[in-house]
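Worksheet: one structure, shown below.
The values are calculated or read from the model by the stated rules, or taken from the named source; none is laboratory data. Since the structure is predicted, the reported quantities are computational estimates derived from the model, not experimental observations. Cβ placement follows ideal geometry from the backbone for every residue including glycine, while neighbour counts extend to all protein chains displayed. Surface accessibility is based on the protein's heavy atoms, side chains included, excluding ligands, DNA and RNA. Shrake-Rupley method; radii C 1.70, N 1.55, O 1.52, S 1.80 Å.
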Amino acid sequence: MGELKAGVAEVNITPPIGISLCGFGNRKGPAETVDDDLFARALVLDDGRTRLAIVTSDLISFAPDLVQRIRGLVERAADVPGECLLLNGSHSHSGPNVMSFRSMGSRDVAYEDVLCRQVAGAVRMAADRLEPVSLRGGRAPVRIAQNRRARRNGRMTIGHNPDGAEAPWVDVLRVDARSGSTLGLLYMTAAHPVNLRGLAFSAEFPGYAARTIRRELDGALPMFAQGCCGDVNCTPMDGALRTTIRQGELLGGAAVNAARHAEPLQSNGLGVARQVIFLPTRIPSVDEAERALEDQKARVREAEQDPEATDYLICQYRGQIGWAEAYLRTARNRRPRPEAFEIQAMRIGEAALVAYPGEMFVDYQLEMDQASPFRKTFTLAYSNGCIGYVPTAKAFPEGGYEVDHAFRYYGTLMITSACERMIKSATLELLDGLKWDN
């Protein structure tokens with residue numbers, strides 16, 4: 001094992017206007033303008049034995065086919081094995097549709113082709129800039145989010161639950177050159193970037209946090225990675241750009257504070273472990289699936305009679321009919337359809353990164369924070385794809401959007417309450433193996 005080296009790079013991935021936005025199922029049209037640019041940023045680490053790469057992006061997530069394409073490109077361009085590449089999306093709801101959602105606009109093949117090559121190029125540039133580094137890890141409090149699962153009139157709704165779980169802090173991994181300057185700052189918090197709901201591309205609050213970090217840390221590359229925010233929204237949510245800017249400034253300031261007080265991490269090597277588990281899914285009854293299909297058809301008929309509903313919006317609603325038809329076929333066939341779920345873990349000296357391909361409830365992050373054998377563990381969602389919401393077992397009998405409705409946008413079946421135990425057990429096994437495999 002040799003000296004730890006690192007390199008960083010970024011590319012602008014802002015799409016042209018006219019491409020579908022992603023995140024909300026009721027937008028009336030594609031993007032019409034750009035509020036701020038979107039970026040993909042890469043960190044490559046190499047200890048002489050293992051080379052790994054972390055990519056953060058101002059995207060909702062990466063579709064599974066894009067993950068595979070980018071991993072193949074990166075293997076050839078930067079000598080980073082596919083299993084050693086982590087692709088995280090900030091989950092901005094004001095970015096392009098690069099996921100296979102049923103009713104959030106179409107994917108743009110031309111843009112995605114360029115995007116894949118841009119991301120691979122960023123990793124290649126970072127790999128070409130490797131230099132000796134030291135690492136520091138830190139945490140600072142910040143409150144830009146709140147638990148959103150609130151019971152109202154006997155039903156679970158999206159609102160504000162002051163007693164709900166949250167992770168009100170920002171974690172940072174600081175990468176310093178031998179000269180003492182900071183090359184890059186990986187900063188992580190758990191908050192849905194969902195304040196902006198218009199027809200403009202934006203990185204939302206992570207983008208404005210990045211501006212603060214770059215300014216305060218003398219040009220260090222800011223890399224935002226999204227945590228487990230499945231049941232946590234940014235706050236306040238008033239749709240105003242000034243509010244989003246303020247959220248970003250608060251997060252960026254906290255990240256700078258964490259970076260300035262970060263503690264050295266012993267750089268005793270890198271490691272990567274990965275496991276694909278298969279999560280059980282719930283097959284609906286035929287009656288339930290038939291009702292779902294009729295509901296979606298009625299929704300389209302209602303929209304077609306609404307003079308304010310655009311053709312674009314009606315097209316999105318029709319996409320849900322396709323989901324309901326597939327749902328009914330599954331109900332009639334009664335064949336189990338487990339969901340593949342890749343868990344990726346990285347050892348970076350005394351710290352660990354855990355990456356999940358789902359909209360993880362924040363409890364997964366809190367659990368790893370306490371149970372991991374590593375001194376510091378950063379737990380990320382929306383990484384290497386996204387299968388949809390992954391609630392805790394406790395949330396299933398409570399119901400609500402994340403449990404009962406959101407899976408239809410992903411075009412999949414809903415996973416079951418048994419999945420929490422499976423995911424946490426497999427993750428801890430991976431971390432234990434990495435801890436002692438030095």
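Within 10 Å, Cβ to Cβ, of MET188, how many net charges do the neighbouring residues add up to if Lys/Arg are +1 and Asp/Glu are -1?
Cβ neighbours under 10 Å give a net charge of 0.
Convert 4 °C to kelvin, take the viscosity as 1.567 mPa s, use the Kirkwood radius over C-alpha pairs of region 53-189 as Rh, and evaluate the Stokes-Einstein diffusion coefficient in µm²/s, rounded to a whole number. Please report the intermediate quantities before stating the final value.
Numbers: Rh = 17.8 Å.
This corresponds to a translational diffusion coefficient of 73 µm²/s.
What net charge do the residues around ASP218 carry, taking every other residue with its C-beta under 14 Å from that of ASP218, with Lys and Arg at +1 and Asp and Glu at -1?
+3
Roll a 1.4 Å probe over the protein heavy atoms and report the accessible area of HIS261 in Å², nearest 10.
Counting only protein heavy atoms, the figure is 130 Å².
Quick check for you: with a 1.4 Å probe and neighbouring chains kept, what is the accessible area per residue of the chain, in Å²?
That works out to 39 Å² for each residue.
Expressed as an acute angle from 0 to 90° and rounded to the nearest 10, what is the orientation of the C-alpha long axis of helix 109-128 relative to the principal long axis of the chain?
20 degrees
Please compute the Cα-Cα pair-distance distribution of the chain with 10 Å bins starting at 0, giving whole percents from short to long.
5, 22, 33, 26, 11, 3, 0
From the gyration tensor of the Cα coordinates in region 215-322, what semi-axes in whole Å does the equivalent ellipsoid have, largest first, with each one equal to sqrt(5λ)? Mind showing how you got there, number by number?
Working: eigenvalues 391, 137, 28 Å².
Working through the eigenvalues yields semi-axes of 44, 26, 12 Å.
Looking at region 75-233, what % of its DSSP beta bridges pair antiparallel, to the nearest 5?
Beta bridges within region 75-233, antiparallel portion: roughly 75 percent.
Lysine pairs in the chain 8 or more apart or on different chains: how many have alpha carbons under 27 angstrom apart?
8
I'd like the orientation of helix 286-304 relative to the chain: the angle between its Cα long axis and the longest Cα principal axis, in ° from 0 to 90, rounded to 10.
Around 90 degrees separate the two axes.
How much of the accessible area of the chain, in percent, comes from carbon and sulfur atoms when a 1.4 Å probe is used?
On the way: 8010 of 17120 Å².
After summing per-atom areas, the C and S share lands at 47 percent.
At q = 0.16, 0.18, 0.24 Å⁻¹, what is the base-10 log of I(q)/I(0) for region 357-438 according to the Debye formula with one equal point scatterer per Cα and no solvent? Please give it to two decimals.
Rounded to two decimals, the profile gives -0.64, -0.79, -1.21.
Given the C-alpha centroids of region 319-351 and region 364-438, what is the distance between them in whole angstrom?
13 Å
Antiparallel versus total DSSP beta bridges in the chain: what percent is that, nearest 5? Show your work: numbers first, answer last.
On the way: 61 of 82 bridges.
Rounded to the nearest five, the antiparallel share is 75 percent.
Accessible area of ASP218, 1.4 Å probe, to the nearest 10 Å²?
Using a 1.4 Å probe on the heavy atoms, I get roughly 150 Å².
In region 281-438, what percentage of the DSSP-assigned beta bridges are antiparallel, given to the nearest 5?
So the antiparallel bridges amount to about 45 percent of the total.
At what distance in nm do the modelled label points of ASP113 and ASP437 sit from each other, each positioned 7 Å from its Cα along Cα→Cβ?
For the pair ASP113/ASP437, the computed spacing is 3.8 nm.
Once you charge only the Cβ atoms, +1 for Lys and Arg and -1 for Asp and Glu, what is the size of the charge dipole of the chain about its Cα centre, to the nearest 20 debye?
Working: 51 positive and 54 negative charges, 70 e Å.
Computed charge dipole of the chain: roughly 340 debye.
Can you tell which of THR377, THR212, THR310 shows the greatest fluctuation in a Gaussian network model of the chain with Cα springs below 10 Å?
Between THR377, THR212, THR310, it is THR310 that shows the largest mean-square fluctuation.
Say each of ARG329 and ARG299 gets a label point 7 Å from the Cα, pointing the same way as Cα to Cβ; how far apart are those two points in nm?
Using points 7 Å along Cα→Cβ, the separation is 2.0 nm.
Can you tell me the order of 203-211, 333-341, 245-253 when each peptide is scored by its average per-residue count of other Cβ atoms within 10 angstrom, highest first? Could you put the intermediate results ahead of the total?
Working: 203-211: 26.9, 333-341: 13.1, 245-253: 21.8.
The peptides rank, most packed first, as 203-211, 245-253, 333-341.
For region 84-182, which trypsin sites (Lys or Arg not before Pro) pass both filters: DSSP loop (anything but H, G, I, E, B) and at most 15 other C-beta atoms within 10 Å?
ARG129, ARG143, ARG178
How charged is the neighbourhood of ALA200? Take every other residue with its Cβ under 9 Å from the Cβ of ALA200, and add Lys/Arg as +1 and Asp/Glu as -1.
Surrounding charge for ALA200 is -3.
For helix 311-333, report the angle its Cα long axis makes with the longest principal axis of the Cα atoms of the chain; keep it between 0 and 90° and round to the nearest 10°.
So the helix axis and the longest Cα principal axis differ by about 90 degrees.
How large is the helix-only mean residue ellipticity at 222 nm for the chain, computed as the sum of -39500 (n - 2.57) over DSSP H runs with n ≥ 4, divided by its residue count, in deg cm²/dmol to the nearest 500?
-11000 deg cm²/dmol
Using just the C-alpha positions of region 229-288 as equal point scatterers, what log10 of I(q)/I(0) does the Debye formula give at each q in 0.15, 0.17, 0.20, 0.30 1/Å?
For the requested q values the scattering log ratios are -0.87, -0.89, -0.93, -1.22.
Using the Cα centre of the chain as origin and beta-carbon charges of +1 (Lys, Arg) and -1 (Asp, Glu), tell me which of THR379, ALA418, PRO141 is placed farthest towards the positive end of the dipole.
ALA418
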